Amino acid sequence: MAETMNLKRLGEFGLVRRISDGIELPGGVAGIGDDCAVLPQKDGLSTLVSTDMLIEGVHFLTGAAPYDLGWKSAAVNLSDIAAMGGTPTGTFLAFALPPGVDTEWTDMFINGYKDVSRQFGVPLLGGDTCSSPDRLSICVTVTGECPSGTEVRRSGAGAGELVCVTGTLGDSAAGLRLLMEEKRPDAAASTLVRKHSRPQPRIPEGIGLRQAGVSAMMDISDGLASDLRHILEASGVGARIRVADIPVSEELRKVCGKYGWDPVRLALEGGEDYELLFTVKAEVEAELTIPHRVIGEITAGYGIVWEGAEGRDFSGYTHF
Ligand code: ADP
Ligand code: MG
């Protein structure tokens, strides 16, 4: 039997590695280790599947607005399909509802869930409904598809390629901090809070980047510092990132200026931006029509060099 270990010592990713030990997969199937599992079908398309939980007190604050929570539950799952460059085809919603939840709450939750799903033409296909003795927990499964063999994995990054991101980073983490510290909202703060409560899955961007031929991709759910490490580990490479080139919104700069927060730490360690992080050959990047920012290069080495923030260490969110 394997040695017993405290989960804090093992860590979230150590636990997933331990779970994945010894699983044999049929040819062509990809399982644990990427944003989605990939199951090739007979018609030349592959089915993509992913599942994500949202737990009260861990992923959202008690009393969170039900519309936003519904939106976010669907959006963060759709984002994992975007991360592979896929087209989402359906979702399944399972939730456990504590006492006190009524139909006003569930209607608003489902409205938020359906509104973001409708944006991408994705139907809710099934799920499960249970009571919970205390906390609210939500689990969504999403399916998608793309031509077999074209899905963009975390493992495809090569030395010399460029590291890029879509959108701006740190907004969601700042939005969460504003909510938690109950800061009085001004226009910039409201934008950041909205980015936190209603993330936008980058579905068309993901499809466009896959079609353009980017080499590795994932969505940023745990923060750039943590998520980039997943691409580097899966690809067996390192990276040099220019901190000054990390895209930060005007709103984030304003709010950080007002409260004395560090925009770099929020951008690198703050999770839940759901932007796409990808690597690409320079000649492919030169032709990209999807808006993005080049933030560094893949190196043949190991680990991340944060140029412009030497001596500082950054880590993202992990459970345990
Ligand atoms: P993401 O942030 O994209 O949702 P995670 O970091 O949560 O991905 O998970 C990394 C990988 O580990 C994924 O391929 C996921 O399917 C797998 N995974 C996580 N938890 C489990 C589990 N309990 N059992 C099997 N696979 C898991
Ligand atoms: Mg992901």
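The values are calculated or read from the model by the stated rules, or taken from the named source; none is laboratory data. These numbers were taken from a predicted model, which means no experiment stands behind them. In this analysis, Cβ positions are derived from the backbone assuming ideal geometry, glycine residues included, and neighbour counts consider all displayed protein chains.
Observations on the model:
- The set of residues in region 1-26 being small (Gly, Ala, Ser) and touching a residue at least 24 places away in the same chain (Cβ under 8 Å) consists of Gly11 alone.
- Against the criterion of being over 30 Å from Pro99 (Cα atoms), surrounded by 17 or more Cβ atoms within 10 Å (Cβ to Cβ) and under 13 Å from the mean Cα position of the chain (by Cα), Ala30 does not qualify.
- One residue from Thr62, Thr47 being away from ligand 1 (no atom under 12 Å from the Cβ) and at pLDDT below 95: Thr62
- Screening Glu151, Glu161 for residues that are in contact (Cβ under 8 Å) with a residue 12 or more places away in the chain and under 21 Å from the mean Cα position of the chain (by Cα) leaves exactly one candidate, Glu151.
- Filtered residues of region 236-270 (kept if within 16 Å of ligand 2 (Cβ to nearest atom) and more than 21 Å from Arg177 (Cα to Cα)): none
Table: residues versus (1) in contact with a His (Cβ under 9 Å, 6 or more places away or on another chain); (2) not β-branched (Val, Ile, Thr).
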| site | (1), (2) |
| --- | --- |
| Pro204 | no, yes |
| Met217 | no, yes |
| Ile231 | no, no |
| Glu250 | no, yes |
| Tyr259 | no, yes |
| Glu272 | yes, yes |
| Thr279 | no, no |
| Glu283 | no, yes |
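- Single condition Glu56 does not satisfy, out of (1) farther than 27 Å from Ala96 by Cβ; (2) modelled with pLDDT of 90 or more: (1)
- Hits in region 270-302 (condition: outside any loop (DSSP other than H, G, I, E, B) and either more than 23 Å from the chain's Cα centre (by Cα) or modelled with pLDDT under 95 (or both)): Ala282, Glu283, Val284, Thr299
- Strands (runs of 3 or more DSSP E) wholly inside region 1-116 that include at least 3 residues being hydrophobic (A, V, I, L, M, F, W, C) and within 16 Å of ligand 2 (Cβ to nearest atom): 45-55
- Hits in region 146-176 (condition: assigned to a strand (DSSP E or B) and crowded, with 20+ Cβ neighbours inside 10 Å): Cys146, Leu162, Val163, Cys164, Val165
- Each residue in region 121-142 was checked for being of a type outside the set (S, T, N, Q) and surrounded by fewer than 17 Cβ atoms within 10 Å (Cβ to Cβ), and 11 pass.
- The set of residues in region 228-238 that are surrounded by fewer than 21 Cβ atoms within 10 Å (Cβ to Cβ) and part of a helix (DSSP H, G or I) comprises Arg229, His230, Glu233, Ala234.
- Residues in region 1-29 that are among the small types (Gly, Ala, Ser) and within 9 Å of ligand 1 (Cβ to nearest atom): Ser20 only.
- Condition check for Asp115: closer than 14 Å to Pro201 by Cα, of a type outside the set (Ser, Thr, Tyr) and surrounded by fewer than 17 Cβ atoms within 10 Å (Cβ to Cβ): yes
- Residue match in region 240-261 (condition: in a loop (DSSP other than H, G, I, E, B), modelled with pLDDT of 95 or more, among the aromatic types (Phe, Trp, Tyr) and within 22 Å of Asp35 (Cα to Cα)): no
- Check on Ser20, buried (at least 18 other Cβ atoms within 10 Å of the Cβ), on the phi < 0 side of the Ramachandran plot and among the polar types (S, T, N, Q): no
- Enumeration of residues in region 177-227 that are part of a helix (DSSP H, G or I), away from ligand 2 (no atom under 16 Å from the Cβ), under 14 Å from the mean Cα position of the chain (by Cα) and charged (D, E, K, R): Lys195
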